[in-house]
1. Could you give the length gained on full extension between residue 56 and residue 13, defined as 0.36 nm per residue of separation minus the Cα-Cα distance, in nm?
2. Give me a comma-separated list of calculated 3J(HN,Hα) values for the range 65-72, in order, Karplus coefficients 6.51, -1.76, 1.60 applied at θ = phi - 60°, integers in Hz, x for any Gly or Pro.
3. List the lysines whose alpha-carbon lies under 29 Å from that of residue 79, not counting same-chain residues fewer than 8 positions away?
4. Over 10 Å intervals from 0, what percent of Cα-Cα pairs in the chain sits in each interval?
5. With a 10 Å Cβ neighbour count serving as the proxy for reagent exposure, in which order, fewest first, do 62, 56 appear?
6. Can you tell me the orientation of helix 2-30 relative to the chain, as the angle in degrees between its alpha-carbon axis and the longest Cα principal axis, to the nearest 10?
7. Excluding residues fewer than 8 places away in the same chain, name every one of the aspartates and glutamates whose C-alpha is closer than 20 Å to that of residue 14.
8. So how far apart, in nm, are the two label points at residue 48 and residue 64 if each is 7 Å from Cα heading toward Cβ?
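Nothing in this text is a laboratory measurement; each read-out follows from the coordinates by a stated rule. All values derive from a computational prediction rather than experimental measurement. When we count neighbours, we look across all protein chains shown, and the Cβ atoms used for this are built from the backbone with ideal geometry, even at glycine.
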Amino acid sequence: MLASKCEVRRVFHKLRSLSLENFHEHFKGIFDGHGQVPTKGLLATQRFALGAIFVYQLALLYRFEHHLDLCIGLKAFLKSA
């Protein structure tokens, strides 16, 4: 019984890791986050990241409410705004 719980935990951890890695890559691609952020200092960097997440969520909400594809063209959509 204990071995099955450990196995289930391992499977869920693997799925979570894969989904988070995909999201992080998607998010970095949209906001050009593969290099250095254009801020200096921890607080400014935290604000930049929080602002990026807020804008991302607003864009997804807008696209959902207007029955648009949530992922395709999202980067161009954000750049045009």
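1. On the way: separation 43, 0.36 × 43 = 15.48 nm, distance 2.54 nm.
So the extension gain works out to 12.9 nm.
2. Coupling constants for the range 65-72: 5, 9, 6, 9, 5, 6, 10, 6 Hz.
3. 28, 40
4. The percentages, shortest bin first, are 15, 35, 27, 16, 7, 0.
5. Numbers: 62 12, 56 16.
Ordered by Cβ neighbours within 10 Å, fewest first: 62, 56.
6. With rounding to tens, the tilt is 10 degrees.
7. Within the straight-line cut-off, residue 14 pairs with 25.
8. Label at residue 48, label at residue 64, 2.8 nm between them.
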